[in-house]
Structure formats: C-alpha cells, structure tokens
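Step one of this worksheet: look at the structure below.
The values are calculated or read from the model by the stated rules, or taken from the named source; none is laboratory data. All values derive from a computational prediction rather than experimental measurement. With ideal geometry, Cβ positions are generated from the backbone for all residues, glycine too; neighbour counts draw on all protein chains shown.
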Amino acid sequence: MQLVLIGPPGAGKGTIAEKVAAKYKLAHLSTGDILREAIARGTALGVRANEYVETGRLVPQEVLGAVVAEGLRDAKDFVLDGYPRTLEQAEFLSGLPHVELDAVVYVAVPEEVAVSRLAGRLVCTACGGVTNADDGAAESCAFCGSGRLEARADDRLDTVKRRYEVYVAETEPVVEYYRAAGILREIDGTGSRKAVFARVEAAIGPLVACGDDNR
C-alpha cells in the first residue's frame, strides 16, 4: 500500500504517519528524513541539498524531487508525509514509475485549531519527541525521560499564521489535484489523537480489505 498524508501545519501528519506505518507495516518516509539521510550519506544529491540547508534556503524542487525519488526508489509499501506540498511536486510524484498511490489522506484542520496546536507545541531537545502544552506536559520529555522541552522558533504565533497562509496558497491546489484523480480521502483532523487516527483507519480500511497492500 502506498499512501500520502497531506494537511496544514498542525494537522499532526507526522504522528499519524508513524501510527499508520506501525499498524500496517509500511515504511514511514518524510521529506525531512529523506533529506537528512541523503546529506548524512554524502550522496551527490545530498551534497547539493546541503548547500541550501546550510544557508537556510528552501531546497528547490529540482533538487528536492530528485532526493525524494531516490528515497522512494526501493520502497514498495510506504506512507509519505511532508511531500508533495505544491502542484508541481504532486505532478512530479505521479510521474515516478515506481509510485502508484493507493490513497492520499487529507487531514483537514481549520486555521484556529492549527494555530492553537502549533503555538502550544513542545519539542524534546534530546529525542525530538513532540507533545503539547495543553496535554499538561512536564518540563522533561515523556518519551525519553531526560530531554528538555522547548517551543520551536517557527511555532511563534505570527509565524504559525503565516505558515497556514502559505499552505492555503500552495497546498490546497494539491488537494484538488488528488480529488480529481479519485484517490483523495478527506478526514476531519480535529479532536483527540485517538479520534483522528480512528478516522484515518476508517478511510484506508477498505484498501486493506481489498488487498491493495499486498500487491
């Protein structure tokens, strides 16, 4: 089974992808992880991408697309999050010969919910675990037990609102692209993590029942 998770900042795509990967035995691939691996391995594409990362510039689609294609090359069954974010990227992904998406799960979250979640997000400085101030988080990480919890610099209120605006402008056309292709599964991303994941399971359950994950 090949899945893509899309949605605005604060939709919880990374957390959902991890749970989906574990439950359905899929590789969890995120753009950030693929980039970091390519850079760490020192591949030609990784070196090119690192030139942008080190200087704080956005990695252009010419490079990012090639890195993603390389990361997906040997992955038969996967859940991908963080890509695509633009219509150009969606079209590029559809053109890869080894990619045949079964579904694109769109986690829809209104702006006020997304902003609230991100503004209260805390990240462990040691393991990268993510929690939220609304969960009654302690000073230390609940995942590793030792890391310090801090707010991310790009989770400031003004930055979060801007990120949501960019999402609306760039990523919503991707939603319509996959809707037109007939593979979009839209779910309500509000509520508890448990409730949201139950909706994701309901959306992709028919694919598993039909055996699409064993092709």
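Can Arg41 be described as touching a residue at least 12 places away in the same chain (Cβ under 8 Å), surrounded by fewer than 13 Cβ atoms within 10 Å (Cβ to Cβ) and out of contact with any Asp or Glu (no Cβ under 8 Å at 6 or more places or on another chain)? Answer is no for this residue.
Within region 1-16, restricting attention to residues that are in a loop (DSSP other than H, G, I, E, B) and of a type in the set (A, V, I, L, M, F, W, C), the residue that is nearest to the chain's Cα centre (by Cα) is Ala11.
Annotation note: Cβ proximity below 9 Å between a residue of region 7-29 that is touching a residue at least 40 places away in the same chain (Cβ under 8 Å) and a residue that is assigned to a strand (DSSP E or B) and small (Gly, Ala, Ser) (sequence gap 6+ or interchain) occurs for Gly7/Ala108; Pro8/Ala108; Ala11/Ala108; Lys13/Ser30; Gly14/Ser30; Ala17/Ser30; Ala21/Ala27.
Just checking, does region 88-99 include any residue being touching a strand residue (DSSP E or B) at 6+ places or on another chain (Cβ under 7 Å), under 24 Å from Glu186 (Cβ atoms) and not small (Gly, Ala, Ser)? Scanning region 88-99 turns up at least one residue that is touching a strand residue (DSSP E or B) at 6+ places or on another chain (Cβ under 7 Å), under 24 Å from Glu186 (Cβ atoms) and not small (Gly, Ala, Ser). Looking across Val105, Val130, Val68, one residue alone is at pLDDT 85 or above and within 17 Å of Arg193 (Cβ to Cβ). It is Val105.
Selection of region 91-110 for residues being in a helix (DSSP H, G or I) and either surrounded by fewer than 16 Cβ atoms within 10 Å (Cβ to Cβ) or free of Cβ contacts under 8 Å to residues at least 24 places away in the same chain (or both) yields Glu91, Ser94. Among the residues of region 64-77, none is identified as surrounded by 20 or more Cβ atoms within 10 Å (Cβ to Cβ) and not in a helix (DSSP H, G or I). The set of residues in region 1-38 being among the charged types (D, E, K, R) and crowded, with 22+ Cβ neighbours inside 10 Å consists of Lys13 alone. Here Glu88 clears all of (1) assigned to a helix (DSSP H, G or I); (2) crowded, with 16+ Cβ neighbours inside 10 Å; (3) at pLDDT 90 or above except the condition numbered (2).
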